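Notes follow the structure.
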């Protein structure tokens, strides 16, 4: 049997000193770990980063699924940042690192003496990356943030929801992972630049600012109309039907399928009309021409719905999609976990953790045909001896001494 | 006056041959252009890529805002891909390029003779990147996709919406831009690797697969409960109030603010109770202890709402946020465009295009304090002579000849 996933090894030899926690910071370093970097989490000896106990895990007292999913493929060392010797140790590691990442509350890292000025002076090659809730210079610069705060203040919620109803928080964690992906891009660009300049850069992203990158469609609509995009209306003009989700058999909460006719391709309608048993409308200009079809929106949507209600969402997607009409079943995690090709293609893998298993998505880009292979998230301090040995040349005895002294 | 934005120049000298269109492909190359790569769009001489006319632009007949926002900082050349000489020209460009990007319908690029095998043989250093709707090996491999199809089939819609109501498409274009960001990460990782290996890689991402990266929170919940996450319930357990949006003065469609008390920090409640005029509850264990406060959810939410209704969302965010309680106004594009620090910080810039202006967000990561500066999107074929000169050594006369022959 051929493995469905590989170690892409793009970042072999890159050392990342990771003081980040929860999701926005850890997702930026997790993808780098999956692409081959050595990512070392620096954690509090007393319990580690707070994400370790956010919700439950495979068994009582074990690391939470939350931690497992956002920290795969990383290493962990413990350091007591309240001890001057512990701080000195982090500085020694920063001298050996290529990248430093943190997302503590505003001002915290500087108070620890681990700010850009200090670490850049110690290691001019170091790429120094910070994730905060709000940007430097923003009126909210000192405020705390979490995913939902970024999704509210970054514009996502205002454009998500049903027509005429209240704003909705998008389910995907764009405030966190969406921000983390932009930081990963920036770290990689700085690493590439460093191959010629030899110098690191200071990178900063704010969760609020990051959201603007994902709602540029709303800025397009604003430019067109001079007003914010109305909730439930995403297109650039009146919607050409069908362009919505339709209820499917047997009527459960996620038994819906999206059916879309691009307004640039009249073939979509021709094909769909035949599928839904209305071939006489396929070439009828009243329905074929998009501007005329808009006037028949209610009727067209009712026709499509009459057909989708007779099929499951998977049938709807299979039949309509195969005919060359854009269609997507509203899949939930049960559907995704049950679709065998995700596993066969390596997109969903099982993390084999000492505490138990976790079926989870990997970074979903394939390198020469295969996506990155998931390795388990680290136990707290699992790699302390190994990393202090390889990064700092310490013996096992040195490490034991630091542990006995409460430094690590 | 100091410029609020800079050219980060991380990718100076990197040549990207961009055959992508619409949003998922173009966003992956736009960020690389903003980070300093030379991105050359190859477009049909008759009208260019279809995104140029998607919706309206600054004036009739000009490029659409849609095109302007997703193609800033790029160059454009025209090539007729139906002409054998045109195809040969693209192959000549591929020999000079570092990265090739395309997101045509499944099979199209291979039929053109510009597949991985051909281009890799011509230029083993070339990084070859493809964005498709569904993954190779998926039952939907040959299906078309658009943002809403990816958001349905990739799991986003199932977890977005109000409790007990139908699935909602998130407003942010995660199906497109979300996918583009993951491809940008992968291209950069492959570029970095190539500095030591000298060899390019084949990169493939599917829009459906990409969504799984952004809904890992739902996979955590699935692992915990064995079932899909219920719409409108994102946390890892019963929600500790307040953890929702609350209506604000004067009651317009986006006059809401998110107020959140982390279940790990009792200080949030203490601070909030004082702000909303209920200091006597700040230390009352019935309200202070999170598990007890859950039993008072309706009462707590009503208290918060009674206070938020007396203030605008901006006042709510300012007052509650300044007190150290996570809070975010539901900002729409009017709010974001009106907040002066976005412009001062360079996060929102004005694209100065020959056809008119467009206020838009840039890639929101700051490099040494400043985000990338936006340059206009290219006019169709604006850089044909320049690029064919610098990449292929052609004279202006050569280029004119190709134009006269209908090759470009």
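Inter-copy label distances at residue B:350, 7 Å along the Cα→beta-carbon direction, one decimal in nm, shortest first?
6.0
Please identify, among B:187, B:348, B:275, the residue showing maximal mean-square fluctuation in a Gaussian network model of chain B using a 10 angstrom Cα cutoff.
Taking springs between Cα atoms under 10 Å, the residue moving most is B:275.
State log₁₀ I(q)/I(0) for segment A:315-393 at q = 0.19, 0.25 Å⁻¹ as given by the Debye formula over alpha-carbon point scatterers of equal weight, solvent excluded.
Reported log10 I(q)/I(0), two decimals: -0.97, -1.13.
Averaged over A:253-260, how many beta carbons belonging to a partner chain fall within 10 Å of each residue's beta carbon?
6
Determine which residues of segment A:260-279 fall in the zone a paramagnetic label at residue B:111 would reach in this model, i.e. backbone nitrogen under 16 Å from the point 7 Å along Cα→Cβ.
Under cut-off, by backbone N: A:267-268.
Once you have the Kirkwood Rh of segment B:299-345 from its Cα pairs, apply Stokes-Einstein at 37 °C and 0.692 mPa s and quote D in µm²/s.
It comes out at roughly 275 µm²/s.
Under a 10 Å cutoff between Cα atoms, tell me which one of B:241, B:285, B:84 has the largest fluctuation in the Gaussian network model of chain B.
B:285
Let me see the pair-distance distribution of segment A:103-158: every alpha carbon pair, 10 Å bin width, integer percents in order.
21, 43, 24, 10, 1
Mind pulling the per residue volume of the convex hull built on the Cα atoms of segment B:135-237? Å³ is fine.
Spread over its residues, the Cα hull of segment B:135-237 gives 135 Å³ apiece.
Expressed as a rounded percentage, what relative contact order does chain A have, with Cα pairs under 8 Å and six or more residues apart?
Here the relative contact order equals 20 percent.
For segment B:1-140, compute Rh as the Kirkwood radius over C-alpha pairs and then the Stokes-Einstein diffusion coefficient at 25 °C and 0.890 mPa s; write the answer in µm²/s, rounded to an integer.
On the way: Rh = 16.0 Å.
Result for D is 153 µm²/s.
Provide Rg over Rh for chain B; use the alpha carbon set for both Rg and the Kirkwood Rh (inverse mean inverse pair distance).
Rg/Rh: 1.05.
Relative contact order for segment A:243-335: what percent, with Cα pairs under 8 Å and sequence separation of 6 or more?
Across segment A:243-335, relative contact order equals 39 percent.
Pull out a ≥ b ≥ c, the square roots of the eigenvalues of the alpha-carbon gyration tensor of segment A:163-296, then state rounded if a/c is under 1.5, prolate if not and a/b is larger than b/c, and oblate in the remaining case. All intermediate terms of the calculation are to be shown ahead of the outcome.
Values: a/c = 2.38, a/b = 2.25, b/c = 1.06.
Prolate is the answer for segment A:163-296, as a/c is 1.5 or above and a/b outweighs b/c.
Give the distance, in whole Å, between the Cα centre of segment A:175-241 and the Cα centre of segment B:243-295.
31 Å
What nm distances, shortest first, do you get from the label point of residue B:306 to those in the other copies when the point sits 7 angstrom along Cα to Cβ?
Distances to the matching label points in the other copies: 5.3 nm.
Across segment B:257-401, how large is the tail of the calculated P(r) beyond 27 Å, expressed as a percent of all Cα pairs?
Of all Cα-Cα pairs in segment B:257-401, 52 percent lie more than 27 Å apart.
With every atom except the alpha carbons ignored, what do you get for Rg and Dmax of the protein assembly as shown, in angstroms?
26.0, 84
What number, in percent, do you get for the relative contact order of segment A:250-408 if the mean sequence gap of Cα pairs under 8 Å and at least 6 apart is divided by its residue count? Kindly include the intermediate steps, with their values, before the conclusion.
Details: 149 pairs, mean separation 27.2, N = 159.
Over segment A:250-408, the number comes to 17 percent.
I need the calculated FRET efficiency for the pair residue B:118 and residue A:368, taking r as the beta carbon distance and R₀ as 22 Å, to the nearest 0.05. Please list the in-between numbers first.
On the way: r = 16 Å, r/R0 = 0.74.
FRET efficiency, residue B:118 to residue A:368: 0.85.
Distance from the Cα centre of segment A:69-127 to that of segment A:364-408, in angstrom?
Here the answer is 15 Å between Cα centres.
Which whole number gives the average, over all residues in B:162-169, of C-beta atoms from other chains lying within 10 Å of the residue C-beta? Walk me through the intermediate numbers first.
Working: counts 5, 0, 1, 5, 8, 9, 10, 10.
Per residue, the average neighbour count from other chains is 6.
Peptides B:288-299, A:250-261, B:42-53, B:319-330: what's the order by average Cβ count within 10 Å, highest mean first?
Highest to lowest by the protection proxy: B:319-330, A:250-261, B:42-53, B:288-299.
For residue B:142, go 7 angstrom from Cα along the Cα-to-Cβ vector, then report the distances to that same point in the other copies in nm, smallest first.
From this label point to the equivalent ones elsewhere in the assembly: 6.3 nm.
Residue B:344 to residue A:283: FRET efficiency via 1/(1 + (r/R0)^6), r the Cβ-Cβ distance, R0 41 Å, to the nearest 0.05?
So, using R0 = 41 Å, E works out to roughly 0.15.
What residue among B:349, B:193, B:130 shows peak mean-square fluctuation when chain B is described by a Gaussian network model with Cα springs under 10 Å?
Result for chain B, Cα springs under 10 Å: B:193 fluctuates most.
For segment B:144-193, what is the convex hull volume of its Cα atoms per residue in Å³?
Numbers: hull volume 4.2 nm³, N = 50.
In segment B:144-193, the Cα hull volume divided by residue count equals 83 Å³.
Out of all DSSP beta bridges with both ends in the protein assembly as shown, state the antiparallel percent to the nearest 5.
Working: 34 of 80 bridges.
So the antiparallel bridges amount to about 45 percent of the total.
Within segment B:255-289, name every residue whose backbone N is under 18 Å away from a label modeled 7 Å from Cα of residue B:295 along the Cβ vector.
B:281-289
Seen from all sides and averaged, what is the projected area of the convex hull of the Cα atoms in segment A:243-335, in nm²?
The number I arrive at for segment A:243-335 is 5.5 nm².
Just checking the output field for A:343-351: average partner chain Cβ neighbours within 10 Å of each residue's Cβ?
3
Quick note: the coordinates plus some simple rules give every number you see, no bench work behind them. As the structure is a computational prediction, the values presented were derived from the model and not from experiment. Every residue, glycine as well, gets a Cβ built from its backbone with ideal geometry; the counts of neighbours run over all protein chains shown.
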